[in-house]
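Below: one structure, written as structure tokens.
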Amino acid sequence: MGVWILGALQGVLGWYMVKSGLVDDPWVSPFRLCAHLMLAFLTCSLLVWYGLKGRYPRHVSLGSNLKQPLTFLTFTLVILTICYGAFVAGMKAGLLYNTFPLMGGDLIPEETFFHKPWYINFFNNPVTVQLTHRFLAFSTLVIMWVYGIKRFQITSSNVEKKWLMGLLGWSLVQVILGVSTLLMHVPYDMAITHQAGALILVLIFLGTQYFKEPFMEDLT
Ligand code: HEM
């Protein structure tokens, strides 16, 4: 029932997003695009989580897993990176600074804090939005590898280890897809592959949580 409600909500949100633009030029509100994308990712995640529950019944709670500091940090960084990815797509910020690792020769371009007050740049300045997506993406990569390696060292579950290897491998693929999308000036097929890659990263992370081996002393 819940998934049907989410599906209907997605339709309404899609209409609300399209209503924000798409009149004279192909533009929609980046924030509504982000909400639409996040709801799609949530619906897919719930379908996979309950699919796993049906296929491999076990007592596991994502909520209790997320009480672990490193798990919570990894999850939060992935969600923030996806949000800012949607902002980059919505603002067409990927068409700026198609260079890597620097942005036009600078680590932090001079326009980054062009608007006043400084914090609004994180929501309406395409340069700052792209820089933030880059920063969050590499923070996600580092923290995800710290999480993965720590879990790999303490778990004795081969199933969990396989999901962890998938997570670490796919995190590299997703970053390479992102950098390639940027350097190639955001061709449509690369952008779609990068978006799908983000969903796969979320679903693999969910798999590592579903098959996480419970421990009394679990710091990760
Ligand atoms: C953990 C790593 C990453 C994740 C989870 C991620 C996720 C996303 C998501 C969800 C989008 C929005 C897709 C859409 O709505 O069309 C996006 C867009 C984008 N990302 Fe990433 N990204 C990551 C890494 C990177 C990196 C490292 C770069 C480049 C340095 C990058 C460059 C881009 C660009 C240029 C776009 C805009 C594509 C468009 O205009 O459609 N991403 N990203």
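The values are calculated or read from the model by the stated rules, or taken from the named source; none is laboratory data. These numbers come from a predicted model, not from an experiment. Note that we place each Cβ from the backbone using ideal geometry, even for glycine, and neighbour counts take in every protein chain shown. Areas reflect the complete protein model, heavy atoms only, side chains present, ligands, DNA and RNA absent. Shrake-Rupley method; radii C 1.70, N 1.55, O 1.52, S 1.80 Å.
Based on what the data block shows, is VAL3 of a type in the set (Val, Ile, Thr) and in contact (Cβ under 8 Å) with a residue 40 or more places away in the chain? Even if it seems obvious, please write down each step before you answer.
Working: of a type in the set (Val, Ile, Thr): yes; in contact (Cβ under 8 Å) with a residue 40 or more places away in the chain: yes.
So VAL3 passes the test.
With a cut-off of at least 1 residues that are within 14 Å of the ligand (Cβ to nearest atom) and farther than 27 Å from TRP4 by Cβ, name the helices (runs of 4 or more DSSP H) lying wholly within region 17-130.
Values: elements: 30-55, 62-65, 69-90, 121-124.
In region 17-130, the matching helices (runs of 4 or more DSSP H) lie at 30-55, 69-90.
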Check region 121-133 and report whether any residue there is open to solvent by less than 50 Å² (accessible area, probe 1.4 Å) and closer than 17 Å to VAL202 by Cβ.
-> yes
Which residues, counting only those in region 171-183, are near the ligand (Cβ under 9 Å from one of its atoms) and either part of a loop (DSSP other than H, G, I, E, B) or open to solvent by less than 70 Å² (accessible area, probe 1.4 Å) (or both)?
-> SER171, GLN174, VAL175, LEU177, GLY178, VAL179, SER180, THR181, LEU182
Given the conditions (1) of a type in the set (Phe, Trp, Tyr); (2) touching a helix residue (DSSP H, G or I) at 6+ places or on another chain (Cβ under 7 Å); (3) within 12 Å of the ligand (Cβ to nearest atom); (4) more than 23 Å from ILE192 (Cβ to Cβ), every one holds for PHE135 apart from (2)
Checking SER156 against (1) open to solvent by 80 Å² or more (accessible area, probe 1.4 Å); (2) closer than 27 Å to GLY51 by Cα; (3) within 11 Å of the ligand (Cβ to nearest atom), the condition it does not meet = (3)
TYR97 versus (1) surrounded by 15 or more Cβ atoms within 10 Å (Cβ to Cβ); (2) under 30 Å from VAL12 (Cβ atoms): which is the lone unmet condition?
-> (2)
GLU213 versus (1) within 16 Å of the ligand (Cβ to nearest atom); (2) not in a helix (DSSP H, G or I): which is the lone unmet condition?
-> (1)
Do the conditions hold for ALA191, that is, is it under 15 Å from the mean Cα position of the chain (by Cα), within 16 Å of LEU37 (Cβ to Cβ), within 8 Å of the ligand (Cβ to nearest atom) and among the hydrophobic types (A, V, I, L, M, F, W, C)?
-> yes
Got at least one residue in region 196-210 being more than 9 Å from the ligand (Cβ to nearest atom), open to solvent by 80 Å² or more (accessible area, probe 1.4 Å) and under 30 Å from THR99 (Cβ atoms)?
-> no
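Looking only at region 44-74, how many residues end up being within 29 Å of VAL142 (Cβ to Cβ) and either open to solvent by less than 40 Å² (accessible area, probe 1.4 Å) or without any contact (Cβ under 8 Å) to a residue 40 or more places away in the chain (or both)? It would help to see each step written out before you state the result.
We begin by selecting, within region 44-74, every residue within 29 Å of VAL142 (Cβ to Cβ); these are 44-46, 48-49, 52, 60-74.
Subset that is either open to solvent by less than 40 Å² (accessible area, probe 1.4 Å) or without any contact (Cβ under 8 Å) to a residue 40 or more places away in the chain (or both): 45, 49, 52, 60-61, 63-67, 70-72, 74.
Summing the residues that are within 29 Å of VAL142 (Cβ to Cβ) and either open to solvent by less than 40 Å² (accessible area, probe 1.4 Å) or without any contact (Cβ under 8 Å) to a residue 40 or more places away in the chain (or both) in region 44-74 gives 14.
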